[in-house]
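Derivation of every value follows stated rules applied to the coordinates shown; laboratory data play no part. All values derive from a computational prediction rather than experimental measurement.
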Amino acid sequence: MSEKPSTPLYPNDVQKSNLSASSRISPSDLARLNAGLRHASPLEIVRWAVGQACGRAIVSTNFRPYEAVVLHLAVQVQPDIPVLWVDHGYNRPATYQHAEELRNRLKLNLKAYLPRMTAAHRDAVHGPIPTVDDEEGLKRFSALMKLEPFQRGMRELAPTVWITALRPVQNPNRAGLDIVSPDQNFGALKVSPLFYQTDADLEAYLAQHRLPNEWDYFDPAKADEKRECGLHAAWGKPAVNA
């Protein structure tokens, strides 16, 4: 994962003042912008993203595998960047331990948002977590335990730039995105500096910076790794606007 500068970091004809508001970017400008960032390093992309945000950048995390990479990149550029985490209450012990280790090691400005209903309360009222073949049940679960607290966090933090660890290998919906994409659910400019990084790239970064990784991770709002939970899909918009 080279940090050698590459130019240009963004097209000269795309004004910086337009980039913090996703609704103002035309498809042609977005295409030129992504082309300009395609061969920039992840660190360069994060520097660029924070520079567009006018002090209102955030990075989101769920502490899944390889999340240490995007968090390490973000705090190098802005040490106090808000780190938005929805703790839906169903994480495995290893995930909570990993979160605490990274919070301490990277001195994360962690902003944890919890559902208004505890996991135990939800299970008692609604029963077990829906299975992968219960799409409507999973959407209701996501809306209650993940989308509502995430929307609350986005509303309170009010970012203009949202840095994520999205990559196309994660699921088919994300494969249709790019490094920079206008987010229709939350109205922020979504920037994914790891979008074109391979697992081998991320493994090398973790080793280079002696960062921990954690594989014992499960997202109950997805039930399957290739399913989209709603944060990055259009169907999440009605739920988060409720």
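In region 106-218, what is the volume of the convex hull around the alpha carbon atoms, normalised per residue and reported in Å³?
Taking only Cα atoms, region 106-218 has a hull volume of 154 Å³ per residue.
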Amide H partners (placed H, <5 Å) of I163, local residues excluded: I58, V59, S60, V191
